[in-house]
1. Any idea which of ALA149, ALA137, ALA83 is modelled with pLDDT of 95 or more, more than 22 Å from TRP32 (Cβ to Cβ) and surrounded by 12 or more Cβ atoms within 10 Å (Cβ to Cβ)?
2. ILE113 is checked against (1) without any contact (Cβ under 8 Å) to a residue 24 or more places away in the chain; (2) within 21 Å of PHE8 (Cβ to Cβ); (3) assigned to a loop (DSSP other than H, G, I, E, B); (4) not aromatic (Phe, Trp, Tyr) and fails just one. What number does that condition carry?
3. Would you check which residues across region 54-76 are buried (at least 20 other Cβ atoms within 10 Å of the Cβ), within 15 Å of the chain's Cα centre (by Cα) and within 21 Å of LEU16 (Cα to Cα) and list them?
4. At pLDDT below 95 and either assigned to a helix (DSSP H, G or I) or of a type in the set (Phe, Trp, Tyr) (or both): is that true of MET88 in this structure?
5. Scan region 117-147 for residues that are out of contact with any helix residue (DSSP H, G or I) (no Cβ under 7 Å at 6 or more places or on another chain), of a type outside the set (A, V, I, L, M, F, W, C), in a helix (DSSP H, G or I) and under 18 Å from SER56 (Cβ atoms) and report the count.
6. Looking at TYR60, TYR93, which one is closer than 22 Å to LEU10 by Cβ and among the hydroxyl-bearing types (Ser, Thr, Tyr)?
7. When region 1-25 is examined, which residues are found to be surrounded by fewer than 20 Cβ atoms within 10 Å (Cβ to Cβ), of a type outside the set (Val, Ile, Thr) and part of a helix (DSSP H, G or I)?
8. Would you be able to say whether some residue in region 61-71 is more than 17 Å from ARG124 (Cβ to Cβ), in a loop (DSSP other than H, G, I, E, B) and in contact with a helix residue (DSSP H, G or I) (Cβ under 7 Å, 6 or more places away or on another chain)?
Amino acid sequence: MKFSWWKFILGFIFYLFFHEFYDLAGGSVIGWILGEGIGGVYPHMKMLFYAYLVVSIIDYFIQRNKGTLGSSFFYSRMLILAAVPWMMIIIYYAVEAVGVELPRVYDIIWAIINTLLGLYFSIRLEETFDNMPLRGATKGMIVLAFLTALITYIGFSFHVPDNFFFVVE
């Protein structure tokens, strides 16, 4: 299947939009929920989630109009939305895990590369998952993962738990 560059480019544009949305919204509640009200890992995962969600909504209407909507479209997108931000973060932290501390400018470049990898990975997973037959229990677990991801992205917009990457003693 041919790679969908429009999704990749538009996804990154939406990611940048959500990255700046807190400031654009004047620090409002919606700015906190959709943007980067607090710095850290989780807001960046959330911004990838929202960017790919918007791209998926656009893709739904395009595919529906063309008559090419896969039988598992919604479930594949929900699974990708729940999983890929976590995959992006584990790739990002692999550098630090092997003891490499990047200077700030290289860390930002590495973070941008990981965002692009997250988008690329999302689009590539669509190819396999869009027409994959799924059992009812699998569909239920995918919906659960998607909804809990959405709940945590909204809920943790204001305060990420202290134990997100470490145990508080």
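The values are calculated or read from the model by the stated rules, or taken from the named source; none is laboratory data. Just so it is clear, the model here is predicted, and its values are computed rather than measured. For neighbour counting, all protein chains shown are included, and Cβ atoms are generated from backbone atoms with ideal geometry for every residue, glycine included.
1. Step by step, each of ALA149, ALA137, ALA83 is checked, and only ALA83 is modelled with pLDDT of 95 or more, more than 22 Å from TRP32 (Cβ to Cβ) and surrounded by 12 or more Cβ atoms within 10 Å (Cβ to Cβ).
2. Of the numbered conditions (1) without any contact (Cβ under 8 Å) to a residue 24 or more places away in the chain; (2) within 21 Å of PHE8 (Cβ to Cβ); (3) assigned to a loop (DSSP other than H, G, I, E, B); (4) not aromatic (Phe, Trp, Tyr), the odd one out for ILE113 is (3).
3. VAL55, SER56
4. yes
5. So the answer is 3.
6. TYR60
7. TRP5, TRP6, PHE8, LEU10, PHE12, LEU16, PHE17, HIS19, GLU20, ASP23, LEU24
8. Within region 61-71, one or more residues are more than 17 Å from ARG124 (Cβ to Cβ), in a loop (DSSP other than H, G, I, E, B) and in contact with a helix residue (DSSP H, G or I) (Cβ under 7 Å, 6 or more places away or on another chain).
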